Structures are given as C-alpha cells and as structure tokens.
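Chemist: Here it is: the structure, laid out below.
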Amino acid sequence: MHFEIYVEDASGKKFLDLVIPMIFGSEHTFKVHSYKGIGHIPKNMKKPEDASKRILLENLPKILKGQGRTFQGYRDEYKAAVVILCDLDKKCLKQFRQELLNILEQCDPKPETAFCIAVEEMEAWLLGDVNAIKKAYPKAKTNILVSYENDSICDTWERLADAVYTGGATKLLGKGWQTVGREKSVWAEKITPHLNINDNKSQSFQYFVKKLLSLI
C-alpha cells in the first residue's frame, strides 16, 4: 500500500520519515509532504488558494481533490491513502475533526483518507515515551518529564524544551521562531529512533498507529 502524508511543519516530516518505517517496515511505501504552518480552513472552499504559501489547511481542499483524481487513475490492486496529520493546539477535537471531514465530503471522487490529530502538539508523541527522551538526552530533567500529563493542553513543546534544552523554552523563544523550528527537528531526529511504538503513553499517537495499520 502507498501513503501520501501531509504534515504542517518540517519537524513533523522529520518525525514521520523516521517513525513510519518503525510501524510497518519496508513492505509499504509513503511520501511525507511538509508545510509551513497549519493555518485555517478556508471559508470559500471553491476559491483556489495560493499553493506557494505552503499553509496546510488553506490548501487542504485542493490537496484532497487532487489526490482523489490521482488515486482514481491507479490500478485496482494498487491501494493508496491520504493521511492528514495536524496539531490540535487549543481547538475542540470533535469540532475540528468534523470540519476536516466536511472538506472530504466535498471531494468527488473521495480519496481514502485518515485524519490524525496530535493532542496538543506532535511533541506530545515524543513526551509519550520518557525512556526514549532519556536515551536521547541523558541529562533531561526527569521531574518535568514525569509531571507531564499525556495529551494534555499545556504548551506541550515548551514542556519538552524545559526538559531537554539548556535554559528551557524561555531561552529558546528568545532566539526566534526559526530557531525553535530547527530545535524541534533536532528533537524529532534524536528521540524518534528510541521510541517504543507499542508502549507510547500518548493516546493520539496510538490512534495514529492503529489507523495506519487498519488502512493496510
């Protein structure tokens, strides 16, 4: 089976490129497309968005419609699916998922699609495995890691920064958002190879894993 996976930032792509082969090996294929932010679902679904902006939700109607047409041209024995991976941030999970499904309903043909949402942010999927973080960062602050409540709305990436980055989130933010983005990619690159896929405490991560396997 083949997966076309869309994620909102470069650190998410780094994470997915590493973790997906850990989930289903090399038997299936995938391609991860990263964007430059999540943005907002467009109010006018028929109005073409500026693809050059590389904002995920603003381009989502175009993405799904395009993949629907592409998949329609595949042979019956060649199965493919779209996976949209977004951070929940501080949105209502039920409402956000329904908004995403509403976009899919307007596609004809509809591609096989899974919407997977990291609660609150994708760093929650790294924080779901304290042992993996400690292997990647032996000096990580254990008290911060063990006090984290999995998939809670609590400024997740800042919590990870406070645990592993010298000076914590405050110092990192002082260096600007580009530096924050680069550091997030470093965390993904260092921690992800140590993850225990089956023992991750993040329920939203486990949903993502089960969804991929169910599609297969």
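Chemist: Check Leu101 against each of (1) outside the structural domain of Glu27 (by TED's automatic domain parsing); (2) surrounded by fewer than 18 Cβ atoms within 10 Å (Cβ to Cβ); (3) in a helix (DSSP H, G or I) and name the one condition it does not meet.
Modeler: (1)
Chemist: For segment 129-140, what are the residues that are small (Gly, Ala, Ser) and under 13 Å from Ala188 (Cα atoms)?
Modeler: Ala132, Ala136
Chemist: Within segment 104-129, can you find the residues that are in a helix (DSSP H, G or I) and surrounded by 12 or more Cβ atoms within 10 Å (Cβ to Cβ)?
Modeler: Leu104, Glu123, Ala124, Trp125, Leu126, Leu127
Chemist: Continuing with this model, one more query. Can you go through Ala140, Ala132 and tell me which one is in a helix (DSSP H, G or I) and either modelled with pLDDT of 95 or more or in contact with a His (Cβ under 7 Å, 6 or more places away or on another chain) (or both)?
Modeler: Working: Ala140 fails: in a helix (DSSP H, G or I).
Of the residues listed, the single one that is in a helix (DSSP H, G or I) and either modelled with pLDDT of 95 or more or in contact with a His (Cβ under 7 Å, 6 or more places away or on another chain) (or both) is Ala132.
Chemist: Is there a residue being aliphatic (A, V, I, L, M) and part of a loop (DSSP other than H, G, I, E, B) anywhere in segment 146-158? It would help to see each step written out before you state the result.
Modeler: Our first condition is that a residue be aliphatic (A, V, I, L, M); within segment 146-158, this holds for 146, 153.
After this cut, where a residue has to be part of a loop (DSSP other than H, G, I, E, B) as well, the list is 153.
Yes, segment 146-158 has at least one match.
Chemist: While we're here: Search segment 135-192 for residues being buried (at least 19 other Cβ atoms within 10 Å of the Cβ) and touching a residue at least 60 places away in the same chain (Cβ under 8 Å), and hand back the single one that is nearest to Ile20 (Cα to Cα).
Modeler: Thr192
Chemist: Look through segment 39-72, keep the residues that are of a type in the set (Asp, Glu) and in a loop (DSSP other than H, G, I, E, B), and return whichever of them is modelled with the highest pLDDT.
Modeler: Only one residue fits best here, namely Asp50.
Chemist: Another one. It is to be established whether one or more residues within segment 208-215 are free of Cβ contacts under 8 Å to residues at least 40 places away in the same chain and either closer than 18 Å to Val32 by Cβ or touching a Ser or Thr at 6+ places or on another chain (Cβ under 9 Å) (or both).
Modeler: no
Chemist: Would you be able to tell me the number of residues in segment 2-27 that are surrounded by fewer than 19 Cβ atoms within 10 Å (Cβ to Cβ), at pLDDT 95 or above and not in a helix (DSSP H, G or I)?
Modeler: 1
The values are calculated or read from the model by the stated rules, or taken from the named source; none is laboratory data. Since this is a predicted model, take the numbers as computed values, not measurements. Cβ coordinates were reconstructed from backbone atoms using ideal geometry, including for glycine residues, and neighbour counts include every protein chain displayed.
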